[in-house]
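The values are calculated or read from the model by the stated rules, or taken from the named source; none is laboratory data. Keep in mind that this is a model prediction, so the values were computed, not measured. All Cβ positions, glycine included, derive from the backbone under ideal geometry; neighbour counts span all protein chains shown.
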Ligand code: ASP
């Protein structure tokens, strides 16, 4: 090093040069994504978790009719939130350990780089709409609990009892089975699979390449009151970058928060990975973390990611097989199998 170049200046210069290089390669990738036109007929695309068949259908139709992609995915997700038969989202969602339904949701609007989210919201069946309201009507991103409820009521939402007879029955059954000797017994669906959690994630890209996403859930069944999962955490349960794509999650929220999953998926796509590959690589991080976790952290539970990019390519992956997702494209509305890392173990959901 020349004596004239002090260590400090050298560091300053080399860091700036390094940053410049990093920025250039980053921008180059972004530009490829933003400037390579989507193949004709490949847009719009709407993807969601398996419970979102009606949601993707609705969102796709709205986008085709000229709606903003965020309005479209929220309208789609509202259908599932209103449905008492989906016991993992909105009205009829399984309650916390005290028998109270606490909902989490988030949304992101790519074109305006805005986000909104709500955690542990009681009495309001459409937390995704409240998340959008926070985004539209404040310069805050996340409200929780009492404050979120107050905000919703101030904007005209009405308090409702979200516990259906069916969800109360399952909560009582869970309570009946609690003892110091046995594990709690989760409720089961018609096929005999345990229902312990679930979520809807729905992401869309419209014909102009504008992107939006939403995530909504009642979280883990019979959770500790006040527990907030990944769904309302921007970057974990949902992430949208209008230059790249969108991703969202369902499944074990705590595992996903630790890898900031949705953001990680989008960053892999930014660096050139396909949506499916980006989901798979992020899931592998969860598996790696699990290996280092203490025993009491528990077994590896399922997590799934659902991703689209600006060009209308889409993909989804789950830790365990037999996980599906819903998709709407010009070819129609259908369910497809997620890529996966491991075969589904007996008894997993
Ligand atoms: N991710 C949700 C949570 O942890 C639950 C789920 O999707 O199954 O709250």
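Identify, by number, the condition in (1) more than 25 Å from residue 344 (Cβ to Cβ); (2) touching a helix residue (DSSP H, G or I) at 6+ places or on another chain (Cβ under 8 Å); (3) in a loop (DSSP other than H, G, I, E, B); (4) within 16 Å of the ligand (Cβ to nearest atom) that residue 239 doesn't meet.
With respect to (1) more than 25 Å from residue 344 (Cβ to Cβ); (2) touching a helix residue (DSSP H, G or I) at 6+ places or on another chain (Cβ under 8 Å); (3) in a loop (DSSP other than H, G, I, E, B); (4) within 16 Å of the ligand (Cβ to nearest atom), residue 239 is out only on (3).
Just to check your reading of the model, which residue among 230, 271 is over 17 Å from the mean Cα position of the chain (by Cα) and at pLDDT 95 or above?
Details: 230 fails: over 17 Å from the mean Cα position of the chain (by Cα).
Answer to the check: 271.
Please state which one of 273, 225 is closer than 30 Å to residue 172 by Cβ, part of a loop (DSSP other than H, G, I, E, B) and more than 12 Å from the ligand (Cβ to nearest atom).
On the way: 273 fails: closer than 30 Å to residue 172 by Cβ.
The conditions single out 225.
From the set of residues in segment 242-270 that are out of contact with any strand residue (DSSP E or B) (no Cβ under 6 Å at 6 or more places or on another chain) and closer than 19 Å to residue 202 by Cα, which is nearest to the ligand (Cβ to nearest atom)?
If we filter segment 242-270 for residues that are out of contact with any strand residue (DSSP E or B) (no Cβ under 6 Å at 6 or more places or on another chain), which is where we start, we get 243-244, 253-254, 257-260, 264, 267-268, 270.
After this cut, where a residue has to be closer than 19 Å to residue 202 by Cα as well, the list is 243-244, 253, 257, 260, 264, 267.
Details: 243: 26, 244: 23, 253: 2, 257: 8, 260: 14, 264: 15, 267: 20 Å.
The extreme case among them is 253.
What number goes with the only condition from (1) modelled with pLDDT of 95 or more; (2) under 17 Å from residue 48 (Cα atoms); (3) part of a loop (DSSP other than H, G, I, E, B) that residue 212 does not pass?
Exception for residue 212: condition (3).
Assess whether residue 131 counts as being in a strand (DSSP E or B) and in contact with a strand residue (DSSP E or B) (Cβ under 6 Å, 6 or more places away or on another chain).
Details: in a strand (DSSP E or B): no; in contact with a strand residue (DSSP E or B) (Cβ under 6 Å, 6 or more places away or on another chain): yes.
No: the conditions fail for residue 131.
Filter segment 295-314 down to residues that are crowded, with 23+ Cβ neighbours inside 10 Å and outside any loop (DSSP other than H, G, I, E, B) and give me whichever is farthest from the ligand (Cβ to nearest atom).
So the residue we want is 309.
Taking residue 281 as the residue in question, decide whether it is touching a helix residue (DSSP H, G or I) at 6+ places or on another chain (Cβ under 7 Å) and more than 14 Å from the ligand (Cβ to nearest atom).
Working: touching a helix residue (DSSP H, G or I) at 6+ places or on another chain (Cβ under 7 Å): yes; more than 14 Å from the ligand (Cβ to nearest atom): yes.
So residue 281 passes the test.
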